[in-house]
Amino acid sequence: MADKTILHSDLNCFYASVEVMLDPSLRGKPIAVCGSAEDRHGIVLAKSEPAKRAGVKTGMVNWEARQLCPGLIVVPPQYDQYLKYSKLTRSIYERYTDLVEPYGMDECWLDITGSQQLCGDGRQAAERIRREVKEELGLTVSIGVSFNKIFAKLGSDMKKPDAVTEITQKNFREKVWPLPASNLLYVGRATEKKLKKYAIHTIGDIAATDPEFLRRLLGVNGLALWRYAAGMDTSRVMHRDFVSPVKSVGHGITCVADLENDEEVWKVIFELSQDVGHRLRVHDLSASGVQVYIRGNDLFGSQFQCKLPVKTQLPTEIASAAFHLFQTRYNRQTKVRAICVRAIDLVPKCQPDQLTLFDDPQKRITRENLQDAVEDIRGRFGKRAITYASLLGDLKMPDDGRDTVRMPAMMYQ
């Protein structure tokens, strides 16, 4: 089978670049896009190249970023603009192929294998895309060109900003294998730590390791990492209209200030569960389990999950399970900064369920009818037309639209 030609295009310093494009007076200056820009405890969401050179990092609190870069200009995020320019960039990609798979708002894979007679080879197409994005939108992209998705993404990370890097069947051992193992997609901090215990430090080390040993060490993910490192990734780039099957439904947020006590945590969990319950109804699914992710203000997070006694769409039951996990499992040595509530083990709503001995079927029907009425009112008059009294007031949740941004998860296979 002939090699594929796959591009991975990554918008450089995306949020910050959009801000500079919208306000040219910021060009060449150190800027940081921050949640709660007026609050010294807000977090850096993105930074410009000058700010990056000064040591400013994503996830850093505002005051720390300002200490590293005294002339730092802090601006609030404009998520509607980021979504707009993400779509405009994607429309440029779609001139070259309909196989365009987003990976977050600022990254996309493109498979141009079947369109090279029209757009040229991989490098030629990448150079054309790079120029068109810059000329039409005022933004820059770094593009990796390779024969699979994993190496294409590695290529886009190797040279920034505004550059094209090609990784081929002939040169990938020379270019890729000396890189740190953490550069490989899906090698996070925990995986990197496990690998280092066995003197596996580079991508080449992963490729040279017995795949059976990696399977015992990391499970099926270990085998996947070995294939990726060895250049054997065969993942497809999905069609632009592809919709992934719903395997879980979640909603998470980084709060504008630390949550100080259980009551504040409960309110955020309950508010997030409203959206989770609504989306379950949209997909006509029920949750058989709940997962909660808690991140403290030290930027370290913990994730817990549990089975539910009865499958549900009800926000109150989802929130109660998530809050119970927080109270019983989370080590509360730090204040809470971010929370994500996720409904897991999804099943069709119409699937019969065995109630417990202590469950009152009539009460459950009443609660479901009540939630039906709430959903109907919100559908007609807006999300805020009716809510719980406990959710009134300051929940320390942002209202700038960041919850409309979907972060990348696993790439499609």
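Which of Ser156, Ser48, Ser182 moves the most in a Gaussian network model of the chain with Cα springs under 10 Å?
Highest fluctuation of the listed residues: Ser182.
Under a straight-distance cross-link criterion of Cα-Cα below 20 Å, which lysines are reachable from Lys363, leaving out those fewer than 8 residues away in the same chain?
Output for Lys363: Lys311, Lys349.
Compute the signed sum of charges (Lys and Arg +1, Asp and Glu -1) over the other residues within less than 14 Å, Cβ to Cβ, of Val310. Could the numbers behind the result be given before it?
On the way: positive: Lys307, Lys311, Lys349, Lys363, Arg364, Arg367; negative: Glu317, Asp345, Asp353, Asp359, Asp360, Glu368.
With Lys, Arg at +1 and Asp, Glu at -1, the neighbours total 0.
Need the C-alpha centroid separation for the stretch 335-383 versus the stretch 70-135, integer Å.
39 Å
If you build a Gaussian network model of the chain, linking Cα atoms that sit under 10 Å apart, which residue out of Phe358, Phe242, Phe213 swings the most?
Phe358
Step through the table entries Lys4/Lys159; Lys87/Lys159; Lys87/Lys170, compare each Cα-Cα distance with 28 Å, and write down the pairs that go over it.
Listed pairs above 28 Å: Lys87/Lys170.
Per the Cauchy relation, a quarter of the hull surface: what is the mean projected area of the convex hull of the alpha carbons in the stretch 166-303, in nm²? Walk me through the numbers before you get to the answer.
Values: hull surface 49.8 nm².
Approximately 12.5 nm², given one-decimal rounding.
Measuring with a 1.4 Å probe in the full set of protein chains, what accessible area per residue, in whole Å², belongs to the stretch 1-135? All intermediate terms of the calculation are to be shown ahead of the outcome.
Values: 6310 Å² over 135 residues.
The answer is 47 Å² per residue.
Quick one: Debye curve from the C-alpha atoms of the stretch 9-159, no solvent, what's log10 I(q)/I(0) at q = 0.12, 0.19 Å⁻¹?
-0.54, -1.09
Could you tell me what percent of the accessible area of the stretch 1-138 is made up of carbon and sulfur, with a 1.4 Å probe and every protein chain present?
On the way: 3260 of 6470 Å².
Here carbon and sulfur together make up 50 percent of the probe-accessible area.
At 222 nm, what value in deg cm²/dmol follows for the chain if DSSP H runs of at least 4 each add -39500 (n - 2.57) and the sum is divided by all its residues, to the nearest 500? Spell out each step's value before the answer.
Working: 15 runs with 159 residues, N = 413.
Per the formula, -11500 deg cm²/dmol.
Based only on Cα atoms, what Rg/Rh ratio does the stretch 236-355 have, Rh being taken as Kirkwood's radius? Mind showing how you got there, number by number?
Details: Rg = 15.2 Å, Rh = 14.9 Å.
Ratio of gyration radius to Kirkwood radius: 1.02.
Using DSSP to define loop residues, name the GluC sites (Glu not before Pro) in the stretch 27-99 whose beta-carbon has at most 15 other beta-carbon atoms within 10 Å. Please report the intermediate quantities before stating the final value.
Working: sites: Glu38, Glu64, Glu94; in loops: Glu38, Glu94.
Here the GluC sites (Glu not before Pro) that fit, given the DSSP loop and packing criteria, are Glu38, Glu94.
Excluding residues fewer than 8 places away in the same chain, name every one of the lysines whose C-alpha is closer than 30 Å to that of Lys335.
Correct list for Lys335: Lys47, Lys52, Lys57, Lys193, Lys194, Lys267, Lys307, Lys383, Lys396.
If I build a Gaussian network model for the chain, linking alpha-carbon pairs within less than 10 angstrom, which residue out of Ala65, Ala199, Ala319 has the largest mean-square fluctuation?
Greatest mean-square fluctuation among the candidates belongs to Ala199.
State the three equivalent ellipsoid semi-axes of the stretch 305-373, derived from the C-alpha gyration tensor as the square roots of 5 times its eigenvalues, in descending order and whole Å. It would help to have the intermediate numbers written out before the result.
Values: eigenvalues 143, 35, 31 Å².
Taking √(5λ) for each eigenvalue gives 27, 13, 12 Å, largest first.
Are there trypsin sites (Lys or Arg not before Pro) in the stretch 125-185 that DSSP puts in a loop and that have at most 16 other Cβ atoms within 10 Å, and which ones? Can you show the working numbers first?
Numbers: sites: Arg128, Arg130, Arg131, Lys134, Lys149, Lys153, Lys159, Lys170, Arg173, Lys175; in loops: Lys159, Lys170.
Those that pass, being in a loop and sparsely packed, are Lys159, Lys170.
Roughly what % of DSSP beta bridges within the chain run antiparallel, to the nearest 5?
On the way: 45 of 51 bridges.
In the chain, approximately 90 percent of DSSP beta bridges are antiparallel ones.
Mind checking which aspartates and glutamates have their Cα closer than 18 Å to the Cα of Lys153? Skip sequence neighbours fewer than 8 apart in that chain.
Candidates past the 8-residue exclusion: Asp3, Asp10, Glu101, Asp106, Glu107, Asp111, Asp121, Glu127, Asp162, Glu166, Glu174, Asp233.
The values are calculated or read from the model by the stated rules, or taken from the named source; none is laboratory data. Just so it is clear, the structure is predicted and the values come from calculations on it, not from any experiment. Note that each Cβ is placed from the backbone with ideal geometry, even for glycine, and that neighbours are counted across all protein chains shown. Surface accessibility is based on the protein's heavy atoms, side chains included, excluding ligands, DNA and RNA. Shrake-Rupley method; radii C 1.70, N 1.55, O 1.52, S 1.80 Å.
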